[in-house]
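Take a look at the structure below.
The numbers here are math on the coordinates, done by the rules we state, and not lab data. Remember, predicted model here, so these are calculated numbers, not experimental data. Cβ placement follows ideal geometry from the backbone for every residue including glycine, while neighbour counts extend to all protein chains displayed.
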Amino acid sequence: MSELFQGLLINLLFILLSILLLNLLILAKHNIYTYRFGKLHLFLMSSLLMIVSILLSVKVDEGFVYDLRFIPFLLGCIYGGRPVILGLASVMILIRLPFGGNGILVTTILAVIYTVVMIYMYPNLLKKPLYNRLLLFTFLSFLYSVIGFLIPSILFDFDQTFSYFIYVMVLTASTFFVCYLCEVLRTFHLLQMESIKFEKMETVSHLAASISHEVRNPLTVVRGFLQLVHEHSDTPEDCKTYTSLAIAEADRASEIINEYLTFARPHPEVELPLELEQEIQKCVEIIRPLANKQGITIETAFLHNHPITGDPHKFQQILLNISKNGIDAMKSGGILFLFTKEDENGVHLSITDTGIGMTSEQVARLGEPFFSLKGNKGTGLGMMVVYRIVESMRGTVHVNSKPMKGTRITLSFPIEETSNT
Ligand code: ADP
Ligand code: MG
């Protein structure tokens with residue numbers, strides 16, 4: 001019996017060591033943003049751990065081996081998604097085959113049951129609060145160990161009560177411990193990302209405050225004189241092309257500076273009731289020429305009743321920045337859909353495009369200063385400004401995006417209570 005206990009503990013040791021080692025490796029890569037622990041990595045890693053576990057397994061009775069391979073399986077399923085779940089279930093059955101015996105049947109039944117359960121639960125798993133999640137994982141593992149011992153005892157008259165007890169205890173406790181460790185490490189990474197983002201924000205904030213004003217005034221003067229040269233009747237035609245280019249570039253520069261300025265002064269100076277419908281219509285009029293040029297249809301729907309509060313000018317900027325990103329994402333045409341609705345939580349404005357979409361890593365970085373995938377064409381400031389302004393309006397931004405499908409950005413604002421009085 002102590003053999004089973006020891007075997008399981010060695011199993012646990014290997015699993016823990018691999019998880020810690022993996023995390024050290026990720027941390028050693030200083031730029032954790034560029035590090036992607038993709039689904040394939042996850043699948044390979046979990047499969048490897050399952051193989052190690054089964055190699056270290058303990059034989060309890062003729063044809064049955066016991067180990068902790070369920071833990072890497074569970075971890076892979078939790079973080080990997082559907083393809084990984086199916087892959088790992090197959091691996092689980094395949095690696096059991098060489099050991100022979102009636103245990104193959106038990107493993108197959110368990111693999112099938114857990115594939116179905118995990119595929120069904122996966123979409124909501126990571127949204128649950130930490131402790132509920134941990135409890136659920138522990139319960140799943142408890143159930144696994146119980147079934148893993150019940151089937152043999154019923155079908156093959158397998159009678160090992162004490163081993164049964166040890167196996168259930170060790171597997172359940174280990175699952176709790178390993179899952180807890182993984183969650184703690186995950187939180188740690190997220191916090192580290194947040195702190196890097198925060199530092200960048202600080203830098204931008206300082207830059208914005210100190211430089212923007214100094215640059216904006218001379219730029220206005222330069223633009224003014226260029227305009228005069230452009231409009232002067234003595235200017236030859238070819239010079240006019242140059243001046244119009246110069247004016248366009250000066251405008252772009254001042255646009256960037258304006259975004260910095262918004263960042264430095266995110267708090268609305270004016271708080272007016274905003275009629276969402278009017279503001280959206282205004283924005284649509286501004287972007288319609290651009291959308292038409294790219295074959296994009298703009299649709300709107302308004303299902304809200306209350307106004308919100310904020311600075312109309314800044315609100316326009318949010319709308320423009322988001323819609324512009326949507327249009328940029330639809331190079332070969334599509335639909336930009338702006339719609340509002342209302343519920344007890346507030347007023348929600350969704351801006352949906354059918355463009356190239358983003359991966360979850362890109363969504364996580366959205367709003368970070370200088371994050372742009374548009375090369376020279378982008379500044380990486382647009383969404384940062386959106387987040388800042390929405391925050392200052394006591395609202396929230398929610399991003400939903402699928403690569404090659406499209407993006408939906410939902411802004412939620414509290415309802416202005418005094419609006420009816
Ligand atoms: P910029 O537009 O100047 O690049 P933003 O902060 O507005 O900066 O956007 C940052 C990046 O996020 C963009 O470069 C783009 O890659 C991505 N992005 C933003 N909105 C969308 C969208 N609707 N669809 C696809 N990608 C988007
Ligand atoms: Mg943009």
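Whole-percent P(r), the stretch 2-195, all Cα pairs, 5 Å bins from 0: 1, 7, 16, 20, 21, 15, 9, 5, 2, 1, 0, 0. Note on the chain: GNM, Cα springs under 10 Å; of ASN376, ASN292, ASN11, the largest mean-square fluctuation is that of ASN376.
With θ taken as phi - 60° and the Karplus curve 6.51 cos²θ - 1.76 cosθ + 1.60 applied, the whole-hertz 3J(HN,Hα) list for the stretch 284-291 is 4, 4, 5, 8, 4, x, 5, 5 Hz, x standing for glycine and proline. A dipole drawn for the chain from +1 and -1 charges on Cβ atoms has a positive end, and of SER244, LEU320, THR187 the residue lying farthest that way is THR187. Coupling constants for the stretch 320-334 follow from the phi torsions by the Karplus curve (6.51 cos²θ - 1.76 cosθ + 1.60, θ = phi - 60°), and in residue order they are 5, 4, 5, 5, 5, 4, x, 5, 4, 7, 10, 5, 10, x, x Hz; glycine and proline get x.
If you take the Cα centroid of the stretch 178-227 and the Cα centroid of the stretch 70-124, the two points sit 44 Å apart. On the principal axes of its alpha carbon atoms, the stretch 215-264 extends 42, 15, 11 Å, with the longest extent given first. A dipole drawn for the chain from +1 and -1 charges on Cβ atoms has a positive end, and of LEU4, LEU373, THR138 the residue lying farthest that way is LEU4.
Between amide H atoms placed 1.01 Å from N, distances below 5 Å from THR300 occur with LEU338, all of them 5 or more places distant or on a separate chain. Computed from point charges on the beta carbon alone (+1 for Lys and Arg, -1 for Asp and Glu), the dipole magnitude for the chain about its Cα centre is near 1060 Debye.
What number results when the radius of gyration of the stretch 266-391, computed over Cα atoms, is divided by 2.2 N^0.38 Å?
Values: Rg = 14.7 Å, N = 126, 2.2 N^0.38 = 13.8 Å.
The value comes to 1.06.
Round to the nearest 0.05 the FRET efficiency obtained for TYR180 and LEU207 when R0 = 30 Å and r is the Cβ-Cβ distance.
Working: r = 41 Å, r/R0 = 1.37.
With a Förster radius of 30 Å, E is 0.15.
Suppose every K and R has +1 on its Cβ and every D and E has -1 on its Cβ; what is the size of the dipole of the stretch 215-264 about the Cα centre, in Debye to the nearest 20?
On the way: 4 positive and 8 negative charges, 44 e Å.
Dipole of the stretch 215-264, to the nearest 20 debye: 220 debye.
Rounded to the nearest 500, what is the chain's calculated 222 nm mean residue ellipticity when only DSSP H runs of at least 4 contribute -39500 (n - 2.57) each, over all residues?
-22500 deg cm²/dmol
Along the stretch 391-404 the Karplus relation, 6.51 cos²θ - 1.76 cosθ + 1.60 evaluated at θ = phi - 60°, assigns HN-Hα couplings of 4, 5, 8, 6, x, 10, 10, 10, 10, 10, 8, 10, x, 6 Hz to successive residues, with x for each Gly and Pro. For the pair LEU40 and ASN305, the difference between a 0.36 nm per residue extended length and the Cα-Cα distance amounts to 90.6 nm.
Scanning residues 5 or more positions from ILE308 or on other chains, those with amide H under 5 Å from its amide H are LEU274, LEU276, with H placed 1.01 Å from N in the peptide plane. Pairs of Cα atoms in the stretch 167-234 fall into 5 Å distance bins, from 0 up to the last occupied one, in shares of 3, 13, 9, 8, 8, 8, 8, 7, 6, 6, 5, 4, 4, 3, 3, 2, 2, 1, 0 percent. Computed over the Cα atoms of the chain, the ratio of the radius of gyration to the Kirkwood radius (Rg/Rh) comes to 1.13. If the chain linking SER195 and LEU24 were pulled fully straight, counting 0.36 nm for each residue of separation and taking away their Cα-Cα distance, it would gain 59.7 nm. Full extension of the chain between GLU237 and GLU214 gives 5.0 nm of extra length, using 0.36 nm per residue less the Cα-Cα distance. Distant-in-sequence amide contacts of VAL347, defined by a placed amide H-H separation under 5 Å and a gap of 5 or more residues or a different chain, comprise PHE413, ILE415.
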